[in-house]
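Please read the structure below before turning to the comments.
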Amino acid sequence: MSDLGQDTIQEHAVKTRKRKELGQYIVADPQICHGQLTFKGTRIMVKSVLYYVAQGKNWDWISQEYFGKVSREAIAEAVSLASEALLEKMGDRRRAA
């Protein structure tokens, strides 16, 4: 191993990862919230919004909770991407069985 410390290696790994846009409203950027999925132009994490959706909160209420920074369209995209990920994961499990 070189003279680079562990922190420096981890920082380098984060810096070399690139921003990935997952749709019109959602992004994974290593410079924002450690690469967690967020809504573009915010630090609002997708998982937080999906939590409210799972609780049955009205999408207008969710949008207002985030001061209008997360639109109904952005919430719909988050739900759609979560649904696709779940279906893909279930498909992988079926193939493995």
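Results for (1) within 15 Å of the chain's Cα centre (by Cα); (2) at pLDDT 95 or above; (3) more than 16 Å from Glu21 (Cα to Cα), shown as yes or no for each residue.
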position: Gln55; (1), (2), (3): no, yes, yes
position: Asn58; (1), (2), (3): no, yes, yes
position: Trp61; (1), (2), (3): no, yes, yes
position: Ser71; (1), (2), (3): no, yes, yes
position: Ala74; (1), (2), (3): yes, yes, no
position: Lys89; (1), (2), (3): no, no, yes
position: Arg93; (1), (2), (3): no, no, yes
Among (1) within 21 Å of Lys18 (Cβ to Cβ); (2) touching a strand residue (DSSP E or B) at 6+ places or on another chain (Cβ under 6 Å), there is one condition His34 misses while meeting the rest; what is its number? (2)
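Filter segment 24-56 down to residues that are in a strand (DSSP E or B) and either of a type in the set (Phe, Trp, Tyr) or touching a Ser or Thr at 6+ places or on another chain (Cβ under 9 Å) (or both) and give me whichever is surrounded by the most Cβ atoms within 10 Å (Cβ to Cβ). Spell out how you get there, then give the answer.
Here is the first cut: in segment 24-56, the residues in a strand (DSSP E or B) are 26-28, 37-39, 45.
Pick out the ones that are also either of a type in the set (Phe, Trp, Tyr) or touching a Ser or Thr at 6+ places or on another chain (Cβ under 9 Å) (or both) and you get 26-28, 39, 45.
Details: Ile26: 19, Val27: 19, Ala28: 18, Phe39: 22, Met45: 15.
So, considering only residues that are in a strand (DSSP E or B) and either of a type in the set (Phe, Trp, Tyr) or touching a Ser or Thr at 6+ places or on another chain (Cβ under 9 Å) (or both), the one surrounded by the most Cβ atoms within 10 Å (Cβ to Cβ) is Phe39.
The values are calculated or read from the model by the stated rules, or taken from the named source; none is laboratory data. Model, not experiment: these values are computed from the prediction. Positions of Cβ are generated from backbone atoms using ideal geometry, with glycine treated the same way; all protein chains shown enter the neighbour counts.
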